[in-house]
Amino acid sequence: MEAGTPEGVSFQQPTKKIPKRRIVIPSLQSFKDEYEKVSKYYMSNRIRTTKYRLWTFIPRNLYEQFHRAANLYFLFIVLLNWIPVVEAFRKEITMIPLLVVLTIIAVKDGLEDYTKYRLDKMINNFVTHVYCGKTGDFVDKFWKDVKVGDFIQLSCNEEIPADMVLLYSSDGDGLCHIETSSLDGETNLKEKLIVKGFVEQTTEMDPESFSYRIECEIPNSDLNCFRGFIQHTSKERVGLSKDNLLLRGCTVRNTDIVVGIVVYAGHETKVMLNNTGSRYKRSKLEKKLNGDIIGCVLLLVVMCSVVAVGRGIWLSNHPGQYVYNSGKQFEPVWGGFLMFWTMIILLQVLIPISLYVSIELVKLGQIYFIQNDIDLYHEPTDTKIQCGSLNVAENLGQIEYIFSDKTGTLTENKMVFRRCSIAGQEYGHEENAKRLETYQPDYESDQDEVALFASHCSLKRLSRGRIGRKSSIGLNMKSMSRMFRSGSMLGTQSMKQLAFSSPLETDVVPDQRLVSKFRRISFNFYKKYETAEPISEIMQISEFFIALAICNTVVVSEPETTGTQPPLKVKSSVSSESATTSEQEETELSCLPDTSKEELVSLDAPDKFLVHEGMDLLCAPGPDVDGLPLDYDPAELSYEAESPDEAALVHAARAYQCTLVARNPEQVVIDMNYMGILTFQRLHILPFDSTRKRMSVVVKHPILNRIVVYTKGADSVMMDLLQKEPTGGANKMQERTQRHLDDYASKGLRTLCIAMKILSDEEYEEWLQGHFLAESSIENREELLLESAERLENNLILLGELERKKWLTEESKTLKSGINIWMLTGDKRETAVNIAYSCKLLESTDQLFVLKSNSLRKACSKERRSTIALRISASAHVKKPQFSYALVIDGPTLKFALHDRVQKKFLELTASVRGVICCRATPVQKSQIVTLVRKERKVMTLAIGDGANDVSMIKLADVGIGICGQEGMQAVLASDFALAQFKHLKKLLFVHGHWCYTRLANMILYFFYKNLAYVGLLFWFQFFSGFSGTPMIDYWSLIFFNLLFTSAPPIIYGVLDQDVSAECLLSNPELYKASQRNEPYGKSAFAVNILDGFYQSFVCFFLPYYTYRNSGIDLYSFGSILNTTMFFIIILHLVIESKYLTMIHFSVFAFSIILFFSIIGTFGALCVLCNPPANPYWVMQRQLANPVFYQICIVTTMLALLPRYLSALKPDISGYIAIFIWDLPCCGFVLKAYLKKPPPAYNRVKVKPAAEPGGCCLQYMTYLSLILPSLISVFFSKASLTLNQGNILKRE
């Protein structure tokens, strides 16, 4: 035995290699040697989410930035300019654009990383209570000092510092309630259980007495799974599951003190392993942009090659000439080669280095306006749209396929009890149906304000007595700071109503026929079951509602009382022997002190049942039920459910006065009204999973005194697990129930089957042995537990089935614009089809094709026949365009449809229909469908859902939308955008999607045009400078032109422009097709902008050139005219392109003009730009004093913009001419007298939408365009006169 190990304690020594399993040994002095050998494999609890360190920031950031092709290109230009023979600029000037871009990105990355550093530091310095062996008590330690094996003590509202196994809870039931909102966004409380064997602790746990070891799986990111066991020195093992694990980042609620041992710390915790950072999705526009940049590179090579060839020819014709700026002579071929690289440097502006920065700024602006759109705000839940990705906003304007979940998306996540069928008898609940039809939610009523709870801590769960300890109300400052940090202190948490507890869901009106039968329930019917089978109808009704009340995981809470009187405790039990005589019943009833029959059976519920004389009443004797006050008010009980289904079932049972009163890990207490309080010993819970599609609870029945299994699940699997007749078929009750199921599903109701199974002690013991082995295993635990559940869930007795109604999302039927919408749901076919009709995804004229097959061969043949049938039908109905088709396919058939052999046929089939409904689809199948359509059809896809089962398809779609529903926030956390309701998707796509795509596309095209137009001036000048690579514009102006002077206007244009008003886009969804077809940024649009850039540079260069030819103007004076003219051309070009001009636009335009003249004038006056061989000193000042300068700028600008202006007026050019003529004082007077009213073209332009303020600018420019010829003629005559006078003065 090792030294320091207590007597009887011996642990297996770990191997030198990192084990496949984790062995956790307590961090106690008595286990020091063993702990040191094991702990070296584990990480500390310190976290670091930053990307950089102080000494690695610059090299790593530069390394990452130079992964971008554009940055590498400009780095190549900078290095190339350092070669003397090809130098075009001063070396320092060439570095400025690259340094500016790198600096901006580096500052942004640095600020983001510094924010993470501060957050990490704050979290690492949080304080928690860790057991110290030296002091024998829990002491304060920072989170960063917590280690694996430490014992942690937490109080209510404290955050969990590391993943730890729960060993002690002050709750008498061995429970700990936690809030997991930091993990999955769910505010509903989750129950965590103490490890079996540690529940019966009467005093607070002493870590020194802990002599166990924990063996569990290695750290992984699965939040819903934890495998392991805790082993005593006697080799006795107890299985560990996710119910025993408290996850880092969660918050303790409703529990005074908990103690656990850390098994994962720091970056090995599940929450940190899931912290993979933001997802990156490349937009379709970004992919096309990269291709166009490559095109610009090719264009740059062509332009440089032309100059290089021209240089070689010029050197051949002029031998002995020196190369500009080098003073050397070169052969024509070598000179042309060097000139090619010189022009690469000179024309580098053609590749827009600032475009990427501008795109990021524009996207930030677009997201800001999306998030602040009041129409996308949901006032009842105080929820606005959330953005999780900045890279895909423009994808919203190109969506072609939408894959939508049904539950919580097309329907609200409100589940309401509608009707039921018990023992083959249907109960329609007509009064309840009328209530649902007339229900009108009133979110602003005072009653709703009263119904809100301040925090989860104001709710106290009904449980057994609590162990006495010091009060947690007196909190020290560290506790206060922790409470403020978690945002959960009483009064600081946002006022929020419990989920699934609206009046729509809780107020169920009972069916009178079922009520009359329910009144007959007594112990006599259970007594008869022992002698006669099958069970009677009354007993089936009783067991049906018992199953609704206990077959769930609902947490029962009530408002915490402030009185000091301890709650009364009732000790009651029920046995089969106690129900033999009515005398015994009366004796049992008398055990209730000071309580009358009326107080027991008459509950304060909406519909009270009348007590008939002679009704069998009994206070159910059984195990202790502590903490249950006799005077509790059922109306004050609150149910916290994890899903709307469970809440609907419990509220339905309570409507029939089968009230769930209390729940703990060992017992479930219900109040059956006439039968009193019944306590069921809870033995096992087999939770719901997507494979079994059902949930079961194993209890000890207090009346039957037998082991009973209650199971609820989907009818598609439950009906196959029922007891069969000796002939192998279903009995009459099952057949009637199946007809009810089909009928309800066809009406859009969600169905659920309820069944039970009574086990003998021998059967239960046999099953328990295998189930215990499955629970205590680490490898293949899920498979073993699944096999164990299947061994138990068979030969079930059908009790009945019920229908729940999903509330349709408001205006979910409005989204139709040529987008293909697929519904992917786990519901049965009839329900999905009904909802599709209700939401107008399908029309009444649609013909449905249903695919259902159980083999791959049949699936192939069916799809082939369906495709042929659709082709024939389409040709037959070619004259009936209103006739359309829809495809319905179920999960098993979908499995075959996604097979490699059938995929193409399946896609061909879906291309012939207007809608596809995939029912009974699993989460994996949903993601497979999205991936298949996106990759094979090369289309833009959007997936929208609200639950964890939608996460996979949301991540795989081009755009993922999460609905902030009541099934948690998993979908929201995984999405690119999060909406409060499905109806908001319409404006998000048709308005913001259209705007984002159109704005960004036009801005990118404008950047290409702007850079090419400016570079064109340098290109044309080479033909008149001997192809020498000489710029006529000073170097600083070349650099600042794109970096400062013309950088702000396109950004404002990309953020604020509106080509069509929001009202017009919403009322005309067909406008969305333009962005779907890439019309704003197609090949033709790109080519037109390139040609327009060449044309404008041609006009801007040659008009001033021929004006000043032979005038003796110096180089930089001529260049300043070109520079200024091109500046105004580029600015006014943007004015023409803008459809929505505001004061912000004009302010930015004015700022750019002021910035241009101030910087150019200041640098020229101070001679900052003075570089050999030319001198730009005082050039701009002299030009501003010359009238010819203004004439050239005005006429050249107007002539250069004329094609762009006419193309903008193309739809309404006749209208603008009509306006001009109609409004002329002379002609207009005659026309008005003759026509009496304006021509149609006049009215067409005058009624232009008010959302296009830019239209007024076009009208005024029309006047200028009509007098352009006269201005040109006056210009040339005046300019020639002025220049000739200047030459005469010079000669004189």
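The values are calculated or read from the model by the stated rules, or taken from the named source; none is laboratory data. Being a predicted model, the structure only gives us computed values, none of them experimental. Because the Cβ atoms are built from the backbone with ideal geometry, glycine has one as well, and the counts that use them run over all protein chains shown. Areas reflect the complete protein model, heavy atoms only, side chains present, ligands, DNA and RNA absent. Shrake-Rupley method; radii C 1.70, N 1.55, O 1.52, S 1.80 Å.
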- What Kirkwood radius, in Å to one decimal, follows from the Cα pairs of region 88-185? 17.9
- Task: Can you tell me how much longer the chain between H318 and A1074 gets when fully stretched, taken as 0.36 nm per residue apart minus their C-alpha distance, in nm with one decimal?
- Result: 266.6 nm
- Message: Rounded to the nearest 10 Å², what accessible area does M718 have for a 1.4 Å probe in the complete protein model?
- Response: 0
- Query: What are the ³J(HN,Hα) values, in whole Hz, obtained from phi via the Karplus relation 6.51 cos²θ - 1.76 cosθ + 1.60 with θ = phi - 60°, for each residue of region 34-43 in sequence order, with x given for Gly and Pro?
  - Reply: 5, 5, 5, 6, 8, 5, 5, 8, 10, 8
- State the percent of C-alpha pairs, over all pairs in region 28-141, separated by a distance greater than 25 angstrom. 54
- Query: Mean projection of the alpha-carbon convex hull of region 639-777 over all orientations, in nm²?
  - Reply: 10.7
- Three-way shape call for region 339-389 based on the alpha-carbon gyration tensor, with the a/c threshold at 1.5: prolate
- Message: Take R739 and K527, extend 7 Å from each Cα along the Cα→Cβ direction, and tell me the distance between the two endpoints in nm.
- Response: 3.7
- Under Karplus coefficients 6.51, -1.76 and 1.60, residue-wise ³J(HN,Hα) of region 646-652 in Hz, glycine/proline x: 5, 4, 5, 5, 5, 5, 5
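For the full complex of protein chains and a 1.4 angstrom probe, list M719, M953 by accessible area with the highest value first.
Values: M719 25, M953 0 Å².
Largest accessible area first, the residues go M719, M953.
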- Message: I'd like to check one number: the per residue accessible area of region 679-737, probe 1.4 Å, reported in Å² as a whole number.
- Response: 41
- Message: If N is the number of residues in region 648-707, what value comes out of its Cα radius of gyration divided by 2.2 N^0.38 Å?
- Response: 1.22
- Quick one: grab the alpha carbon gyration tensor of region 191-255, order the square roots of its eigenvalues as a ≥ b ≥ c, and give me rounded if a/c is under 1.5, else prolate or oblate depending on whether a/b is larger than b/c. oblate
- Query: Using a 1.4 Å probe on the protein chains only, how many percent of the accessible area of region 980-1089 belongs to carbon and sulfur?
  - Reply: 62
- Sequence-distant or interchain residues sharing an amide H contact under 5 Å with L722, placed H: which? L796
- For L799, distant residues with modelled amide H under 5 Å away: I754, A755, M756
- With every protein chain left in place, what is the accessible area of H992 in Å² (1.4 Å probe, nearest 10)? 20
- Share of alpha-carbon pairs per 10 Å distance bin for region 1004-1100, given as whole %: 13, 32, 30, 15, 7, 2
- Query: Taking only protein heavy atoms and a 1.4 Å probe, what accessible area per residue, in Å², does region 1105-1157 have with all protein chains in place?
  - Reply: 39
- Relative contact order for region 990-1061, counting Cα pairs under 8 Å that sit 6 or more residues apart, in percent: 57
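Determine the gain in length on full extension of the stretch E92-E431; use 0.36 nm per residue of separation and subtract their C-alpha separation, reporting nm with one decimal. Please list the in-between numbers first.
Numbers: separation 339, 0.36 × 339 = 122.04 nm, distance 8.41 nm.
Difference between extended and current length: 113.6 nm.
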- Task: Could you check the simple spin-label distance between I1154 and S746, using points 7 Å along Cα→Cβ, in nm with one decimal?
- Result: 7.5
- Task: Could you list, in their original order, any pairs among K384/K983; K363/K384; K281/K1073; K935/K987; K51/K108; K288/K1073 whose Cα atoms are separated by more than 21 Å?
- Result: K281/K1073; K935/K987
- Pull up all non-local amide H partners of V888: gap of 5 or more, or a different chain, and H-to-H distance under 5 Å with H placed in the peptide plane. F849, V850, L851, I917
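What does the extension gain come out to for E666 and S1147, with contour length at 0.36 nm per residue minus their alpha carbon separation?
Numbers: separation 481, 0.36 × 481 = 173.16 nm, distance 7.16 nm.
Additional length available on full extension: 166.0 nm.
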